[in-house]
């Protein structure tokens, strides 16, 4: 492959990602009902040429990271282009559907947000049931997406879909599976104990009565709502970033308005790097708003500090965990009592800290359980039969509450996003431990810590998540720092 072809891939790849992310931004922000993903992929169809991919495979075998990043991008493009039409269908249904509760029309995408703040259990249950009826419309399309992903993976020369995902997201799925089992085992007792106690105290519910919609409400209510009032979050971010020598800058934009078909999921969409990185939020009140904003902020800063003159592959590409680890780093400031006292003037009593601990454990258990389920889902290439029951069973064992089997595919994402989230979550604890040991327990107010993080961001995708692990630890992801952090809540 000559340099002209490589430069053409870079130019078209840049234009494609700008167009794709711009389209997703407009649609997911509720600015347009219809998405045209398939049309965009067709406009750049040459990036999905199999011969081009196999040429790139030969170059990537030379151990040049830039070539590998481009190869992974072409593989992802090819798979996504094959199911883009199905993705358009999913997005259209999500934007169009709504339910009615007490004569109030609730958009499909806002149902979970409404459940998180609804104190009346019967209404939570009704919303959950009506949401599940919509999921049945999505299931056949999701099956087509995953079947297409499996088929295309084999056509690209990968043994299976799992191997493709492991390659392009730089995942050791076998090791992550072991880590997930360790986390579930080591947090089971304290999770069960805390959950039972807070259910009885806050909601007068027995653990055996717990449903998913109750857990959604519990983890964004009571102290987690009262102590996290609705405020302008940007000034809060600017205050603590200033102490670290960091700034949001002009390139990071915020869209926190509510719109009928807008997604409630926190997003960071890098349309142009580093000049147009958009944080998308849907405020509902309580700790959820803080979590979603700070998580998106960490990812946005990762893109904002990349070098604008870097080649396409080092500025635009890379494994997802490399960005998400910083999302969790900033989001998990909410679990540090001294940060809460300094920036939110919160005095952390024992109940409040244990409530935060319950939320933290529930997050890691949810990701761990989902990973175990998704590995089983994809290993036998079957998306029917016992999979809904398997989903319900694993989530019941993991979260100690009843989930609906209707969510068995809607609660998953292509390319093992759950695995990258879990990897980033575990790495965040390692990074936080490193920052505390090297700089200060309150690293988030140290400019030297900010300079260190900024240097990592400026390296762009030259640094993989494995490289980052090597910088801050042994090079392997380890659960010990996360488990040690949990122990601090009980000192």
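We did not get these values from a lab; they are worked out from the coordinates using the rules stated. From a predicted model like this one, the values you see are computed outputs, not experimental measurements. Every residue, glycine among them, receives a Cβ derived from its backbone with ideal geometry; neighbour counts consider all protein chains shown.
How big is the range 321-361 along each principal axis, measuring the range of its Cα positions in Å and listing the largest first?
34, 23, 9
First measure r as the distance between the Cβ atoms of residue 103 and residue 209, then evaluate 1/(1 + (r/R0)^6) with R0 = 22 Å and state the FRET efficiency to the nearest 0.05.
0.15
For the chain, what is the percent of antiparallel DSSP beta bridges, rounded to the nearest 5?
Bridges in the chain that DSSP calls antiparallel: roughly 65 percent.
Counting other beta carbons within 10 Å of each residue's own, what order do 477, 143 fall into, fewest first?
143, 477
Report, largest value first, the span of the C-alpha coordinates of the range 84-201 along each principal axis, in whole Å.
Principal axes ranked by extent give 53, 42, 17 Å for the Cα atoms.
Report relative contact order for the range 173-490 in percent, whole number only (criteria: Cα-Cα under 8 Å, sequence separation at least 6).
23
Between residue 380 and residue 144, what FRET efficiency comes out of the Förster formula 1/(1 + (r/R0)^6) with R0 = 22 Å and r the beta carbon distance, rounded to 0.05?
0.80
Given the peptides 355-364, 322-331, arrange them by the average over their residues of other C-beta atoms within 10 Å, most packed first. Present the calculation step by step, with values, prior to reporting the outcome.
Values: 355-364: 21.3, 322-331: 24.8.
Ranking, from highest mean packing down: 322-331, 355-364.
Sort out for me the Cα centre separation of the range 426-491 from the range 135-179, rounded to whole Å.
29
Quick one: what Rg and Dmax do you get for the range 173-490 from the alpha carbons, in Å?
Expressed in Å, the Cα Rg and Dmax of the range 173-490 come to 19.3, 58.
Please compute the length gained on full extension between residue 155 and residue 59, using 0.36 nm multiplied by the number of residues separating them and subtracting their Cα-Cα distance.
32.7 nm
Quick one: length gained pulling residue 15 to residue 238 fully straight, 0.36 nm per residue minus the C-alpha distance?
77.1 nm
Which length gain, in nm to one decimal place, applies between residue 196 and residue 32 when the Cα-Cα distance is subtracted from 0.36 nm times their residue separation?
Length difference between fully extended and current span is 54.7 nm.
According to the Kirkwood expression over distinct Cα-Cα pairs, how big is the hydrodynamic radius of the range 20-171, in Å? Each step should come with its number before you reach the end.
Working: mean 1/r = 0.0560 Å⁻¹.
Result for the range 20-171 stands at 17.8 Å.
Provide the FRET efficiency to the nearest 0.05 for the residue 226-residue 483 pair, computing r from the beta carbons and using R0 = 25 Å.
Values: r = 29 Å, r/R0 = 1.16.
Working from the Cβ atoms, E equals 0.30.
Quick check on the range 372-416: take the gyration tensor over C-alpha atoms, sort the square-rooted eigenvalues as a ≥ b ≥ c, and tell me if it's rounded (a/c under 1.5), prolate or oblate.
prolate
Is the shape of the range 307-427 rounded, prolate or oblate, going by the alpha carbon gyration tensor and its root eigenvalues a ≥ b ≥ c, with a/c under 1.5 for rounded and a/b larger than b/c for prolate? Display every interim value, and only then the final one.
On the way: a/c = 3.57, a/b = 1.19, b/c = 3.01.
Verdict is oblate for the range 307-427.
Distance between Cα centroids, the range 280-348 to the range 1-74: provide it in whole Å.
Between the Cα centres of the range 280-348 and the range 1-74 lies a distance of 26 Å.
Can you sort 197, 457, 444 by how many other beta carbons sit within 10 Å, fewest first?
197, 457, 444
Using Cβ contacts closer than 10 Å as the measure, can you line up 259, 131 from fewest to most? Walk me through the numbers before you get to the answer.
On the way: 259 15, 131 22.
Sorted ascending by nearby Cβ count, the order is 259, 131.
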